[in-house]
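Worksheet for the structure shown next.
Any read-out appearing in this document is the output of simple, stated calculations on the displayed coordinates, not a laboratory observation. In this text the structure is predicted, and so the values were computed from the model without any measurement. Counting neighbours? That spans all protein chains shown, and the Cβs are built from the backbone with ideal geometry, glycine included.
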Amino acid sequence: MSTARLRRSVLAVPGSNPRMMEKAAASAADEVFLDLEDACAPLEKPAARAKVVEALRTHDWHGKTRVVRINQVTSQFAFDDLREVISGAGDVLDCIMVPKVRNAGDIAFVDRALLQLEQALGYAVGRIGIEAQIEDAEGLMRADEIAFSSSRLETLTFGPADFSASMQLPSLSVRNDSSYPGDVFHYVLFKLAVAARAAGIQVIDGPYLAIHDVDGYRAAASRAAALGYDGKWVLHPVQIEPANETFTPAQADFDKAARILEAYRQATEVERKGAVMLDDEMIDEASRKIAVQFYARGVAAGLTPSPARGEESAAG
Ligand code: GLV
Ligand code: MG
């Protein structure tokens, strides 16, 4: 089931670094994921589990989506990652992120392991969600089945770096190669969005590696937002504000959505008409559906309707 969790900015933090985890808790990111996978050196992975548990238990994560990324389910680490993290902090985390998901079975494994742990530890069954990273050719090929693989699944998340490696793309910086006349990532971004929306879950774009190139980050985030994405990873605090801004509807659009909803309600309920003009546009039931999701996103991001023009001048 899709939840209303806010994930405009998804901050990646190495689980081996207590100081960075502490800073992440105080950041403005909507989600923080404490990483036991690729940002954690293999020799540090076993010790990082306890550090992650400690960070989850100690810091104030209020208002944030709290996530731990475990290692790939086919690695020697994944089982112990789950056991240690859920045993130590299963009551104070929201989701487990699963990297390099290749098929529905990968998610089924995590789903059942969570079920066993929840039962053994006396936690509410089914509360802990799953985020699935799609980041190789096989995972993309099976994105549709993965999207429907568990009622715990809350996101499909693109992993452009691993995906570039899997596809042998020729850019070392995980971005569009200027020799290609289109957007190298368009197909994967759109395909994941379709699979996620069909399953009623969120879809999240992955990292942008050039952290000092904030304009480049904004452009990449805007590209995902234009395809309806809910958010994007951030690797550094400078990327948080651009992410939160890009994935929040503009106030003018939010206000317009509210006007569409009111005009459509008036048309259908009072005038008994299914299609009416609002300003210079025709609106109908489909317009209402679009407006509903704009409005919901805005409310989730904390927007409130602008005062009507008359009220503004009366107040001023
Ligand atoms: C993220 O995990 C990526 O591989 O891009
Ligand atoms: Mg990856």
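Key figures for this structure:
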| item | result |
| --- | --- |
| Amide H contacts of Asp35 (H built 1.01 Å from N, under 5 Å, at least 5 apart or other chain) | Val13, Gly15, Arg69 |
| Trp233 long-range amide H proximity, modeled H, under 5 Å | Val10, Asp205, Gly206 |
| Viscosity 1.306 mPa s, 10 °C: Kirkwood-radius Stokes-Einstein D of the stretch 89-196 over Cα pairs, µm²/s | 106 |
| For the stretch 235-246, 3J(HN,Hα) per residue [Karplus equation, 6.51 cos²θ - 1.76 cosθ + 1.60, θ = phi - 60°, Hz, x = Gly/Pro] | 9, 8, x, 5, 8, 5, 5, x, 5, 4, 5, 5 |
| Interchain or long-range residues, amide H under 5 Å from Thr157's placed H | Ala132, Gln133, Ile134, Ile204 |
| Listed peptides 14-23, 295-304, 27-36 by packing density, highest first (mean Cβ within 10 Å) | 27-36, 14-23, 295-304 |
| D_trans [Stokes-Einstein, Kirkwood Rh over alpha-carbon pairs] for the stretch 11-130, 4 °C, 1.567 mPa s, µm² s⁻¹ | 92 |
| Ranked by how many other beta carbons lie within 10 Å on average, peptides 217-229, 38-50, 259-271 from highest | 217-229, 38-50, 259-271 |
| Qualifying lysines (Cα of each under 27 Å from Cα of Lys232; at least 8 residues distant if same chain) | Lys23, Lys45, Lys51, Lys64, Lys100, Lys191, Lys256, Lys289 |
| Distance from the stretch 220-244 to the stretch 78-95 (C-alpha centre basis), Å | 27 |
| Binned Cα-Cα distances of the stretch 228-296, short to long, each 10 Å bin given as a whole percent | 19, 40, 21, 13, 6, 0 |
| The chain - convex hull of alpha carbons, volume per residue in Å³ | 176 |
| Expected 222 nm ellipticity per residue - DSSP helices of 4 or more, -39500 (n - 2.57), all of the chain, to 500 | -13500 deg cm²/dmol |
| Candidates Gly126, Gly63, Gly182, ranked by Gaussian network fluctuation over the chain, Cα under 10 Å, top entry | Gly182 |
